[in-house]
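> Here it is, the structure, as structure tokens.
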Amino acid sequence: MRTPTRRTVLGAALAAAGTGLLTACSSDSMQGMDHASMNHGATSATSGPTGPSAAPAGYLAPNGPEVAAAEAARNPGPERKVALTATETTLDLGGRTVRSWAYGDRLPGQEVRATLGDTLAVTLANHLPQSTSLHWHGLALRNDMDGVPGLTQADVRPGASFEYRFALAHPGTYWFHPHSGVQQDRGLYAPLIVEDPKEPLAYDREWVVVLDDWVDGVDGSTPDAVLAELARGMGGTDHSGGSGHDMSGMPGHDPAGTSGTAPAAPTGPARMLMGARSTLLGGDAGDVAYPFHLVNGRLATAPETFTAKPGDRIRIRLVNAGGDTAYRVALGGHELTVTHTDGFPVEPATTQALLLGMGERYDVLVTAGDGAFPLTALAEGKNATALAVLRTGGGAAPDAAVRPAELDGRLVTAGQLRAAPAVRLPARQPDRTVRLELTGGMAKADWAFNGRGYDPAQRHPVAAGERVRLEFRNSTTMWHPVHLHGHSFALPGDGPRKDTAVVLPGATLAVDFDADNPGLWMVHCHNVYHAETGMMTVLGYRA
């Protein structure tokens, strides 16, 4: 259990295991999409990926001089070194052990803490049977460190290593995970906390809470098998003529074995979820029936317990690291004061419950009561919960199935929040609008933007210095948490600064960002299975 006090900087050696990850699909815009070839970098057997070796025609290269200049302008400070090893391991979920891939032998991976202005230097050693990568979710960092194989770098192959090195430009709650296949839905994730040396909040204790839906290693299941099942669609057609789905035409498929091994045949019981409904999510709640839901890697029957004293003011940093599940979160007997979302401060708002889509983060403050209280994460629409415990005194521990009344109380969503004045985008009309229609469905597993699958050579052009509006129109019957790499956007009406936002079925969400970080940047649904089957695209800065 981790119970870091405020200002504590944790040690950072991480060893890890993992496969899978996001290598999703992209689509081009209905108007203005450019097509250009890409020269992919080679992977060294000893040093890992070298990144793209030449600039794509008409676009800035991820490792070009403009990217180096933007990094230099961040005034990189003292070095914070971290060693990560992605490896196959056995994880104890609290009375249930599973074989999975992780960073070291713990779940989540050990959190990394650094200070605003530090240079983070992370060496990733790949001890997995497949290629992997590291994406730094939510960070505005140099493009060639963003961790997207085939776009910003080459794969980190089995037996190779790679150093990610970049300045930390914003404080806040972030996390990291692979961007390779569906590896994120294994144990390959950990929180990254960037501390503010001038922290304005006053609190006594800090609790980092990572939520996750879990399938890997349970009764023979793997995320790759789940992907293969979902890729057949609801009709269950076997496209390969055999027992599994033919993945050869899917993004990220590696028939030549650059990953080191051929894809495993689908195993385990059926995991396709039918009939999950949520009013909060606008209807269909998700695609995958996960056997377990976890808080900080623990089952509800063996929860993590965070200890404090009555009256302590506690900062809780919430991260949804799930693959296909939104979580409604409440702390029994307490109200939550929302202070940040996706790393950026908001005008404080009091609530009883929060809803987090995959990839979203919220920071809240609570004043601890006296006793033992459930922190419950309801798997929205899936009739399951995850649990952790806040204990400040005596009394029986909450039951694993407890459902605090606050879960059904007042709920604040991102659209109701306002950015703190210091981080609001200055008022300005957009110079460019990129329209992305969210298309496809579960029936054919044809998730996409604008009806097109991912192709890294297809890019929506933007130019440095522009105010860019991303207009997401969801024509599907399912909700999608859309994520922008390398930038934060503003929700409408002085709304919060975020990098991940939920778009409900039938809704249109227009968000604005300033094009101030050159390179090639992904936009994708953070449902790992939607992304891997097509809902991903690229924004490219023009040369």
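> When you look at F306, is it open to solvent by 10 Å² or more (accessible area, probe 1.4 Å), in contact with a Phe, Trp or Tyr (Cβ under 6 Å, 6 or more places away or on another chain), over 21 Å from G409 (Cβ atoms) and at pLDDT 95 or above, yes or no?
So F306 does not fit the description; no.
> So, one more: Restricting attention to region 414-435, report how many residues are surrounded by fewer than 13 Cβ atoms within 10 Å (Cβ to Cβ) and over 30 Å from R542 (Cα atoms). Working first, answer last.
Pass one, region 414-435, residues surrounded by fewer than 13 Cβ atoms within 10 Å (Cβ to Cβ): 421-422, 426-429.
If we keep only those that are over 30 Å from R542 (Cα atoms) too, we end up with 421.
Of the residues in region 414-435, 1 are surrounded by fewer than 13 Cβ atoms within 10 Å (Cβ to Cβ) and over 30 Å from R542 (Cα atoms).
> Among the residues in region 458-471, are any in a loop (DSSP other than H, G, I, E, B), touching a residue at least 12 places away in the same chain (Cβ under 8 Å), open to solvent by less than 10 Å² (accessible area, probe 1.4 Å) and touching a His at 6+ places or on another chain (Cβ under 9 Å)?
Initially, region 458-471 is screened for residues in a loop (DSSP other than H, G, I, E, B), giving 463-466.
Checking which are touching a residue at least 12 places away in the same chain (Cβ under 8 Å) leaves us with 463-466.
If we keep only those that are open to solvent by less than 10 Å² (accessible area, probe 1.4 Å) too, we end up with none.
Taking every residue of region 458-471 in turn, none turns out to be in a loop (DSSP other than H, G, I, E, B), touching a residue at least 12 places away in the same chain (Cβ under 8 Å), open to solvent by less than 10 Å² (accessible area, probe 1.4 Å) and touching a His at 6+ places or on another chain (Cβ under 9 Å).
> Evaluate region 387-405: report whether one residue or more is assigned to a helix (DSSP H, G or I) and open to solvent by 30 Å² or more (accessible area, probe 1.4 Å).
yes
> Here is a follow-up. Could you look through region 309-337, keep only residues that are over 29 Å from H530 (Cα atoms) and basic (K, R), and pick out the one that is least open to solvent (accessible area, probe 1.4 Å)?
R315
> How many residues, within region 347-386, are at negative phi and open to solvent by 20 Å² or more (accessible area, probe 1.4 Å)?
14
> Please specify each residue of region 101-135 satisfying the condition of being crowded, with 24+ Cβ neighbours inside 10 Å, touching a Gly at 6+ places or on another chain (Cβ under 9 Å) and part of a strand (DSSP E or B).
Listed by number, the residues that qualify are W101, A102, Y103, L124, N126, T132, H135.
> Is it true that some residue in region 199-221 is among the polar types (S, T, N, Q), touching an Asp or Glu at 6+ places or on another chain (Cβ under 9 Å) and crowded, with 22+ Cβ neighbours inside 10 Å?
The answer is no; no qualifying residue exists.
> Quick one: in region 78-95, of everything that is within 17 Å of M145 (Cα to Cα) and either in contact (Cβ under 8 Å) with a residue 60 or more places away in the chain or touching a Phe, Trp or Tyr at 6+ places or on another chain (Cβ under 6 Å) (or both), which residue is surrounded by the most Cβ atoms within 10 Å (Cβ to Cβ)?
It comes out as L84.
> So if I check each of G233, G242, G257, which one is open to solvent by less than 20 Å² (accessible area, probe 1.4 Å), outside any strand (DSSP E or B) and at pLDDT below 95?
Values: G242 fails: open to solvent by less than 20 Å² (accessible area, probe 1.4 Å); G257 fails: open to solvent by less than 20 Å² (accessible area, probe 1.4 Å).
Result: G233 is the single residue among G233, G242, G257 that is open to solvent by less than 20 Å² (accessible area, probe 1.4 Å), outside any strand (DSSP E or B) and at pLDDT below 95.
> Taking the condition at pLDDT 95 or above, crowded, with 24+ Cβ neighbours inside 10 Å, within 19 Å of the chain's Cα centre (by Cα) and under 19 Å from N75 (Cβ atoms), does G172 pass?
Yes.
> Let me ask something additional. What do you reckon, is G486 in contact with a helix residue (DSSP H, G or I) (Cβ under 8 Å, 6 or more places away or on another chain) and either assigned to a loop (DSSP other than H, G, I, E, B) or open to solvent by 40 Å² or more (accessible area, probe 1.4 Å) (or both)?
yes
> Got a sec? Which of A543, A510, A515, A531 is open to solvent by 20 Å² or more (accessible area, probe 1.4 Å) and closer than 25 Å to L60 by Cα? First the steps, then the outcome.
Numbers: A510 fails: closer than 25 Å to L60 by Cα; A515 fails: open to solvent by 20 Å² or more (accessible area, probe 1.4 Å); A531 fails: open to solvent by 20 Å² or more (accessible area, probe 1.4 Å).
Going through A543, A510, A515, A531 in turn, the sole match is A543.
The values are calculated or read from the model by the stated rules, or taken from the named source; none is laboratory data. Quantities reported herein were computed from a predicted structural model and do not represent experimental measurements. All Cβ positions, even for glycine, are placed from backbone atoms using ideal geometry, and neighbour counts span all protein chains on display. Side chains included, ligands, DNA and RNA excluded: accessible areas come from the protein's heavy atoms. Shrake-Rupley method; radii C 1.70, N 1.55, O 1.52, S 1.80 Å.
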